[in-house]
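To start, the structure itself, in structure tokens.
The values are calculated or read from the model by the stated rules, or taken from the named source; none is laboratory data. Quantities reported herein were computed from a predicted structural model and do not represent experimental measurements. Using ideal geometry, Cβ is built from the backbone for each residue, glycine included, and neighbour counts are taken over all protein chains shown. Heavy atoms of the whole protein, side chains included, go into the accessibility calculation; ligands, DNA and RNA do not. Shrake-Rupley method; radii C 1.70, N 1.55, O 1.52, S 1.80 Å.
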Amino acid sequence: MLGSSYAEFMASASEPLSSYSTYATTSKSRLQSLYSDVTRQKHSNPTSYHAHVDWWQRTLEELVSRGWQAESPSARKGKETEDDEGAHSRSNKLVLSVQRSLVDRLRFDGVGKPLGLGHTIAELRHSNALISLPTFLSSKVSVYDPGWLPYRIASFLVGKPLWWAMEQLDLVKSEDSYSEAEMWKRVQGDYVLLKLVERAADVVNSFRGGMSLADSLYTVESFRKEFGSKVIPGTTISETDTEVLLKYLERDRRILVRDKDVIKFMAGDREKEVTVIDRGILELKTAVGNLQGQVNTIQGKIDEMTARISTALTQQQKSIALAHLRHKKGLEEVLTKRLSALQNLESTLMNVETAAGNIEIMQAYEKSAVTLQTILNHPSLQRTKIDETMDALAAANATAREVDDAIRIGGDMAAAEAGIDDMDLEDELEELVKEVERETGQAEERAALEKLQDVNVPEQIPAVPAAAQRVAE
């Protein structure tokens, strides 16, 4: 039965270039410009040239990551085949195969074939966006390592002038002087797309949080099964992609170590190498996984026999139903044995992992004890040194108190010699307070008089009408 990843592959293989985002968001006139040879603009119009290179980088990354490099699926009377699915799984999603036929495959209706693509690939290689696959896998130096500083300085001061002089003498040629055909001969090969590898590494790193010891151990094949369909959504990475990703995670990200077929994610204080204990746990984990697969297969066969029995009984075929029932009973006996073995293996794996965890805990305790003892052995924390320090501190505090008392007594004596009496000071302060109160009262009286003067009193009182007087009487 073909998987969903194969169906996605069939769709991507049949999709036209216009369905990819870099094409879909670019006008036809702009595509014509991008498909033209802009090699000469590298120095005359560097902004346009680098925009051109950047578009091709994003385009190649999208094409490769979506399985565009896979061979066209077989068209045997419109039927899907297992060979097609195998071609999809073998198709590289992190590695670009650069061949002259790439130009033909990138033909776009109404625009034609890309010109100058060989020089564009050479520029991407020069900027490390593309890295030769053999170099990537064999190098022990990180792709981010700029190199030894004295060597880079010597290359700049000596190498570049020497190369320029050799170019002037026609002894060597610069890359810009190569024809497109000559450039294709120089750039053919397989290249790692660094940005795609970085994204895939980020995905793997996001899944490794809180891993137990058993969860952190993989074989190359189990690593591919676990992460192969996760690093790039909608597709599965190939064996070559797996090797590239593992090399990057080990050498450049340093989040795992690898010893032949054993892969170990590093976390916390775990040993930074694959140990005998790690190999034993991985063997147990692999055995549990294999046995779990057998259990699932047997259960699937039992379900199939149950369906056949039901069908045979519906069709009144009792003999066939009886044969299927015998087969089902045999499968159930095998399943019981496999489940028992699986339970024993899982229990053993749990015990082994717990014991290994206890080793890590004891190692942490030992390191903590050594650290604490080292601190306590410091000369400042020795008993005699502590007593000396505390005695010196007590003496200093006593001296400080004596100085404070002396200053206070001296102040009191100075006040007495000046003839200043505290009672006199209090009487004077009381007089000042009374004077302030008197001034405040006088100010309030003046303010009240001023308000009364502002009130207008009429000189004559108006006469009361006679009618009002009679009513009042």
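Some observations on this one:
- Per residue accessible area in Å² of the stretch 193-295, where ligands, DNA and RNA are left out and the probe is 1.4 Å: 45
- Dimensionless Rg ratio for the stretch 362-407, taking C-alpha atoms and the 2.2 N^0.38 Å reference: 1.95
- Sites matching GluC sites (Glu not before Pro) across the stretch 244-352 that sit in DSSP coil, with at most 14 neighbouring C-beta atoms within 10 Å: Glu271, Glu273
- Under a model in which nothing but the beta-carbon of Lys, Arg (+1) and Asp, Glu (-1) is charged, the stretch 211-299 shows a dipole of about 140 debye around its Cα centre.
- Charge tally around Ile302: other residues with Cβ under 9 Å, Lys/Arg +1 each, Asp/Glu -1 each, net -1.
- Of the solvent-accessible surface of the stretch 205-274, computed with a 1.4 Å probe and all protein chains present, 44% belongs to carbon and sulfur.
- Rotationally averaged projected area of the stretch 230-304 (alpha carbon convex hull; nm²): 7.4
- The simple Förster model, with R0 at 30 Å and r as the Cβ-Cβ distance, assigns Lys337 and Phe207 a FRET efficiency of 0.30.
- Cα centroid of the stretch 230-306 to Cα centroid of the stretch 370-408, whole Å: 59
- Tail beyond 13 Å, pair distance distribution of the stretch 187-246 (Cα, percent): 64
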